Amino acid sequence: FNKPSLIQQKAIRPILDGRDVIAQAQSGTGKTATFSIGTLQNVRCEVRKLQVLILSPTRELANQTHQVISSLSDYLPIRCVACYGGRNNVTQMVRELSNGAHIVVGTPGRVLDLIRQGSLRLDSVRSLVLDEADEMLNRGLRTQLEEIYRRLPFGNGDLQISNTSSTQVIIISATMPHEQLEVFYRFTKNPVQVLVPRDELTLAGLHQFYVDVGSEEWKFEALGDLFASVCVPQTVVFVNTRRKADWLSTQLRRDSYTVEAAHGDLDQALRETVMERFRSGASHTSFEFQFMLEFFLSHFYPKSRILVCSDIWARGIDVQNVGLVVNYDLPATPSDYLHRIGRSGRFGRRGLAVSFVAGADDRRKLDAIARQYRIAIPPAPAALDKMLTWSDSPTSVDPAPTSLSAQELKSVVQSIKAKGRKRKRPKKRKNKISSQ
C-alpha cells in the first residue's frame with residue numbers, strides 16, 4: 001500500500017464516508033483492497049452481528065476476497081466467514097455464523113440458501129458490496145441478487161430504497177453497458193460514480209497482440225514457439241472447454257512444462273490445491289526432486305509455469321507474477337476477453353496478452369473486441385521478447401485532484417491496525433468456511 005491505484009484514489013474516501021458507490025474497475029487494479037479497506041474501517045468490532053455482506057460471482061473470487069479481508073483485519077477481533085459451494089460442512093458453517101460474523105463473503109446462491117434456512121440474518125447489515133456485478137448479471141444471478149436485496153433492512157418489493165436509509169451499497173464492475181447501469185442505479189441512492197471510458201479499460205502496461213496460426217491444428221506448435229521466445233515467471237492459457245484444458249495440459253507436461261489444469265469439473269478442494277501450487281510455482285514432481293528440478297529448469301531450460309483453464313477461472317486468479325496471458329481459444333464475448341487479459345499486468349505491472357487466430361470466425365471475434373474497446377490489436381512482432389521487460393515494481397499512477405493520496409492510504413491502513421492493537425484482543429484466525 002505504498003501508492004494508491006486510480007480506483008483506490010477515487011473510491012476509498014466515499015466508502016469511508018458511508019456513500020453509495022458505483023465504481024468501474026478491472027481485476028488487477030486493487031479493487032478488492034479498495035472496498036475491503038473502506039468497509040473494515042466502518043465495522044464496529046464490539047457488535048457481534050453481520051455488518052458487511054460481500055457477494056461475488058465465483059467461489060474463487062469469494063475465496064480471494066476472504067483472504068484479503070483476513071489479512072487486512074489481522075489485528076482486529078473481526079470474524080469473516082466465506083460462504084460458497086464446494087464442501088460438505090454445512091453444520092460447521094452454520095456454527096461459525098451463529099458465533100457472530102461481522103463480515104460474510106459468498107456467492108449469491110449459497111448466501112441465499114443460508115438466508116432461507118434462517119442461518120444467516122441480514123437485519124444488521126450496514127454495507128452491501130456487489131463485486132464484479134456485471135458478471136453476476138451475465139450469469140443470470142439477477143433474481144438471486146434482488147431477493148437478497150429485498151431481505152436487507154432497507155429492501156422492499158420494488159427495489160427502491162428511501163433517501164433516509166443508512167445502509168451503504170457498493171457496486172464494483174469491470175464493464176457497464178447501459179442496461180446494466182440502469183440496474184445498478186436501482187440498487188443505490190445518489191451514488192458516487194467512478195467510471196472509465198471504454199478505451200481506457202484495458203490495463204496500462206499490458207501489450208496485446210494476435211498470432212494468425214492458420215488453423216486449429218497449428219495452435220499447439222505456435223504455443224511452443226511463443227514459450228520459446230518469451231520468458232516470464234508465470235503464464236495463464238485460456239481455452240473454451242474443459243476437455244481441451246485437460247488435453248492441452250497433458251500435451252504440455254509431455255513436453256516437460258510445469259503446468260496445472262483448472263476448470264469447472266474440479267471439486268473445491270482440488271481447485272484450491274491447484275491454485276496454491278500455481279501461486280507457489282510448484283509442479284507435479286516429488287518433494288525430494290522438486291528443488292533440483294526447478295533449479296535445473298530455471299537455469300538451463302527457462303520454461304514458464306503455466307495454468308491452463310476455462311473461462312470459469314477468468315475471474316478470481318490473483319497471482320502477481322503472471323506476465324503472459326494466452327487466448328489459445330478466443331472468448332465468446334469482448335467482456336470475457338477483458339477479464340482474461342486482466343490476469344496479466346496485475347496492479348500496474350507490465351504484462352503481455354497474445355491471442356491465437358485460426359480462421360474467419362476468430363478474425364470476426366478479434367475485430368469485435370477491438371471495436372468494443374476502441375483499441376488496436378496488432379500482429380505479434382518477431383522480437384516479442386523485447387516487448388516485455390519484467391519488473392516486480394508496478395508502473396506509477398498519477399494522483400488525481402481531490403483523491404486519496406499515498407500518505408492518506410497508509411494512514412487508513414495503519415488506523416485499521418491501530419484499532420485492533422488498542423483493544424489488546426488477539427484475533428483468532430478463522431479458516432474459510434464453505435459448503436455444498
Of Lys10/Lys31; Lys3/Lys189; Lys31/Lys365; Lys3/Lys31, which pairs sit farther than 20 Å apart, going by alpha carbon to alpha carbon? Lys3/Lys189; Lys31/Lys365
Cα-projected label distance for Glu216 with Asp367, points at 7 Å along beta-carbon direction, nm: 2.2 nm
Projected label distance in nm at His178 and Asn190, using a 7 Å step from Cα toward the beta-carbon: 2.8 nm
Name all residues of region 165-186 having a backbone nitrogen under 19 Å from the label point set 7 Å from the Cα of Asn42 along its Cα→Cβ direction, giving them as ranges. 165-173, 184-186
Any trypsin sites (Lys or Arg not before Pro) in region 24-86 that lie in a DSSP loop and have at most 14 other Cβ atoms within 10 Å would be Arg44, Lys49
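Taken together, the values in this text are just the output of simple stated rules run on the coordinates, not laboratory data. Quick caveat, the model's predicted, so the values are computed rather than measured. All Cβ positions, glycine included, derive from the backbone under ideal geometry; neighbour counts span all protein chains shown.
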